[in-house]
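Below is one structure, written out as structure tokens, with a few remarks after it.
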Amino acid sequence: MKHQIARTAAAVVLGAATSLAAASECEQNFNVNGSFGSGRTYATEARVPDVTYLPALYRVRDKIQEQGLVVLAVQEKNGYIRAANAVTGGEGGTANAPLRVYVTPQDGGGVNVSLQFTIAGGQMTSKKSVMRYMCEIVDAAAAG
């Protein structure tokens, strides 16, 4: 019984460490291109070791939906997820800000999760919030 508890505790600690490492890599790789007038693209990627491809892909999809985005397509063959975030304008108009995600199997196991979120010119969002949401999506690949 003691050994089983120790193994379970070690697995929990290892899982948390894996998740934190992916989040850290996600934050380090986060970048923003563009301007307020022309629009901005937010992007990042991180490797998530020791996970199986399809379960990771669907955990990522589920996290995107949990965050309130509409998943438009999931392609198992190439790991592509296309989603949209509804944007409501000041005059009541609406638009969609696209999110593109690739979950790619890696040699030796694990996956790479890369994300790209684009907003149009004149739209604003918090860089810190986008990074947090994107890194939560990366973390979801590791959860399980």
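So the values come out like this:
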{"item": "Filtered residues of region 35-69 (kept if acidic (Asp, Glu) and more than 23 Å from LYS128 (Cα to Cα))", "result": "ASP50"}
{"item": "Residue that is surrounded by the most Cβ atoms within 10 Å (Cβ to Cβ), among those in region 20-65 that are in contact with a Phe, Trp or Tyr (Cβ under 9 Å, 6 or more places away or on another chain) and among the polar types (S, T, N, Q)", "result": "THR44"}
{"item": "Odd one out for PHE36 among (1) modelled with pLDDT under 95; (2) more than 30 Å from GLY122 (Cβ to Cβ); (3) hydrophobic (A, V, I, L, M, F, W, C)", "result": "(2)"}
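The values are calculated or read from the model by the stated rules, or taken from the named source; none is laboratory data. The structure presented is a predicted model; accordingly, all values stated were derived computationally and were not measured. For neighbour counting, all protein chains shown are included, and Cβ atoms are generated from backbone atoms with ideal geometry for every residue, glycine included.
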